[in-house]
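For reference, the structure is listed below as structure tokens.
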Ligand code: FDA
């Protein structure tokens, strides 16, 4: 029976919420498997993305920034090394395969990997509805009390109205959201680093003078923002403010890197909670608040060169915190910075403040509404998630709710990263396919 709410009779086997690399990898896994299956066993999948077209951290596509993951951990290779959705196939199609190899690197440019993602997304565009922000997920309760479906409602691309679609399984992969520290607010001259390139380009195009830019934070994005602003505004002083003494190098050594292996997810998943916590603590420096050594050295070399030349545009205000940000009468900002060891304060007159203050998981409860109440929680009030990335629910729910990202407490450090997207896509696909098969 067709509900008056629904836009069609179609019941999707998988409805994806968000179409970043995680659900893109899943869509390709579905597409490739469907080709090998008889029509009645194929999965009917659709992915809803709020952006008008595919985009992966566009605000941080800095021209010389490189990937922090091997290109072999692309959307498919660890799942299916013969897939023609691989980064290598993309390179071959662009006529750059041999040129890339001659660079002798595993780490492509971020802009190039973005091109790869776009290329792959274009090939599965029949499975995606862009401009479709999901605003609610509602469980559908049958007469017998079973919840076998979710109704997923999204805003229409036209901006007027909504569409509701029904699904047996949903795959939530909405990524993280920019974090703004308490006491600070985004404004015309206060940006989160996720907006860095468009906002800096606007200023540069408008010919607005930038005499001083301040960057708050000590992670990879902060260091990249400092470097980018220093190059983009050649007359500006760029001040990097952070509480540490110096940037911490990212640990990308081979043994530590194994924490991102698919097998490490198995080990982590089955470990007791105190072991999980110690693994996160031991290996935090593979990912959080750390900077690639090459960039640290480049920034230091630039600062030293300027010291020798007697014109220091790059300044590091370490062991310091921003205490207040006020609008200045000239349209700029007065930023009060405290040097923590002495409590001494200085006010920096700046044209721009960039908050490179990280990202946080999105609040799922408001999106999932009633559906969130059906999810089981652990002692720490975190959602319980199975090894197949399926959320554990009360028994009457037979519909599947899969999470990609936001599962660091169950699946470890790779949860929000690219390292295992191909393998995770396979695991989710297998789980959904198994539920579809007649018993
Ligand atoms: P991602 O955030 O990419 O995508 C989520 C999508 O969901 C977005 O397109 C968003 O618009 C959409 N969405 C959100 N809410 C929605 C809603 N209600 N309805 C519809 N759509 C919605 N990791 C790594 O392993 N190696 C690396 O080199 C890097 N590099 C890197 C650079 C930068 C600048 C950042 C900020 C992060 C990285 N990362 C990374 C980590 C990064 O989180 C990871 O690469 C992927 O973006 C994770 O992919 P997802 O698809 O899970 O989320």
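All of the numbers you see were taken from the coordinates with simple rules; none came from a lab. Computed from a prediction, not measured in an experiment: that's the story for all the values here. Cβ coordinates were reconstructed from backbone atoms using ideal geometry, including for glycine residues, and neighbour counts include every protein chain displayed.
Some points to look at:
- Helix-only arithmetic for the chain: the sum of -39500 (n - 2.57) across DSSP H runs with n ≥ 4, divided by the residue total, places the mean residue ellipticity at 222 nm at -9000 deg cm²/dmol.
- Base-10 log of normalised Debye intensity for segment 1-126 (one unit scatterer per alpha-carbon) at q = 0.11, 0.15 Å⁻¹: -0.45, -0.77
- Rounded to 5, the percent of DSSP beta bridges in segment 225-365 classed as antiparallel: 75
- Beta bridge orientation in the chain: antiparallel %, DSSP, nearest 5: 50
- P(r) tail fraction, the chain - alpha-carbon pairs more than 32 Å apart, %: 44
- By average C-beta atoms within 10 angstrom, highest first, the peptides 314-321, 341-348: 314-321, 341-348
- Using only alpha-carbon positions in segment 167-308, the gyration tensor eigenvalues give semi-axes of 34, 22, 13 Å once each is multiplied by 5 and square-rooted (largest first).
- Relative contact order of segment 28-95, taken over Cα pairs closer than 8 Å and 6 or more residues apart, is 23 percent.
- Relative contact order, percent, the chain [alpha-carbon distance under 8 Å, six or more residues apart]: 21
- Sorted on the mean count of surrounding Cβ atoms within 10 Å across their residues, most packed first, peptides 358-370, 284-296, 108-120 read 108-120, 284-296, 358-370.
- Beyond 17 Å, the tail of the calculated P(r) for segment 55-138 holds 54 percent of the Cα pairs.
- Computed over segment 280-439, Cα set: Rg, Dmax in Å: 23.8, 77
- Length-normalised contact order of segment 374-426 in % [C-alpha pairs under 8 Å, at least 6 apart]: 24
- For segment 40-79 and segment 156-200, distance of Cα centres in Å: 17
- Quick note on segment 227-341: its Rg to Rh ratio, both from C-alpha atoms and Rh being the Kirkwood radius, is 1.12.
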